[in-house]
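Report on the following structure.
The values are calculated or read from the model by the stated rules, or taken from the named source; none is laboratory data. Remember, it's a predicted structure, so these values are computed and weren't measured experimentally. Neighbour counts run over all protein chains shown; Cβ positions are idealised from the backbone, glycine included. Side chains are part of the model used for accessible areas, which takes the heavy atoms of the whole protein and leaves out ligands, DNA and RNA. Shrake-Rupley method; radii C 1.70, N 1.55, O 1.52, S 1.80 Å.
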Amino acid sequence: QDPPDVARTLLAPVMTRRTSLTDAARADIATTAGQLGYHVVSLTTRDAPGGTHAVLRLAPRPLVRKVDIDIKQSLLTILLDDQVRRRMRIRTGTYLLWDPADRQRELDAEARQIADYLHFEEGYFDATVEHSERTRGGGIEITMRIQLGGEYRTGEIQVANPDGLIDTTIDRAAVIKQFRHTTFLAFLFGSERFTRTRHHDDVQRVIELFQR
């Protein structure tokens, strides 16, 4: 937390460019304070010999000191820690919302975003994400605990319109083959797992069969 004189100096430009506390002025002050790591608790006025003065009460917003990703994976699979971090909005150095209820909703939204990524991109359709926080010094440490659940693999594959292959040199087996990844190495390193990227690549290979 900055000393009062420092906070006053930092906010002086936004406070002095306004001549009245309109809704737009209040929003501008709140936004600027938020960018500097403060929450506006109250903004009132008081009469003084030199005129009306604005009285601004601030509280420091919690600063994220550390983000831990707690995810249990086999060392033989592609680790997802970095992928999860890349998709998070909350990172080390992020200011969280001051109000505990608002902060809870902020972290809930972050957990949902991670879950959506795991469900729709990585194919962990049963994955769950929980979060916790603890105070450390003047900031907060965030932990995201992820349970991936089971892996899904491509099961039965059907060609919906086999008549479309009649006038080509392509048979059903060739189409189905593009979606099969059952090899020893794939099994060993978990690359048989269904993912959105892999599925799109498989579809693209089918398209390429018809372009040859």
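For segment 120-160, the candidate set comprises residues that are over 20 Å from the mean Cα position of the chain (by Cα) and of a type in the set (S, T, N, Q); within that set, the residue that is nearest to TRP98 (Cα to Cα) is THR135.
How many residues does segment 1-52 contain that are among the aliphatic types (A, V, I, L, M) and in a strand (DSSP E or B)?
Residues meeting the conditions: 4.
Only residues that are more than 23 Å from GLU130 (Cβ to Cβ), in contact (Cβ under 8 Å) with a residue 60 or more places away in the chain and open to solvent by 50 Å² or more (accessible area, probe 1.4 Å) were counted in segment 28-79, giving 3.
Filtering segment 80-99 down to residues that are of a type in the set (S, T, N, Q) and over 18 Å from ALA127 (Cα atoms), which residue is surrounded by the fewest Cβ atoms within 10 Å (Cβ to Cβ)? Restricting to residues being of a type in the set (S, T, N, Q) and over 18 Å from ALA127 (Cα atoms), the top hit is THR92.
Does VAL84 fit the bill of being touching a residue at least 60 places away in the same chain (Cβ under 8 Å) and assigned to a helix (DSSP H, G or I)? In short, yes. Among the residues of segment 89-99, the one identified as charged (D, E, K, R) and more than 15 Å from the chain's Cα centre (by Cα) is ASP99.
Residue by residue, here is whether (1) of a type outside the set (S, T, N, Q); (2) under 23 Å from LEU79 (Cα atoms); (3) modelled with pLDDT under 80 holds:
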{"site": "GLU121", "(1), (2), (3)": "yes, yes, no"}
{"site": "HIS131", "(1), (2), (3)": "yes, yes, no"}
{"site": "THR168", "(1), (2), (3)": "no, no, no"}
{"site": "ALA173", "(1), (2), (3)": "yes, no, no"}
{"site": "GLN178", "(1), (2), (3)": "no, no, no"}
{"site": "HIS200", "(1), (2), (3)": "yes, yes, no"}
{"site": "ARG205", "(1), (2), (3)": "yes, no, no"}
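Among the residues making up segment 115-145, those that are without any contact (Cβ under 8 Å) to a residue 12 or more places away in the chain and either surrounded by 13 or more Cβ atoms within 10 Å (Cβ to Cβ) or among the aromatic types (Phe, Trp, Tyr) (or both) are ASP116, HIS119. Filtering segment 159-174 to residues that are more than 13 Å from VAL206 (Cβ to Cβ) and assigned to a loop (DSSP other than H, G, I, E, B) leaves ILE166, ASP167, THR169. Listed conditions (1) assigned to a helix (DSSP H, G or I); (2) open to solvent by less than 70 Å² (accessible area, probe 1.4 Å) are all met by ILE207, apart from (2). The residue of segment 100-114 that is nearest to ARG89 (Cα to Cα), among those that are within 9 Å of the chain's Cα centre (by Cα) and open to solvent by less than 30 Å² (accessible area, probe 1.4 Å), is GLU110.
Considered as a group, the residues in segment 1-20 that are hydrophobic (A, V, I, L, M, F, W, C) and loosely packed, with under 15 Cβ neighbours inside 10 Å include one that is farthest from GLY138 (Cα to Cα), and that residue is ALA12.
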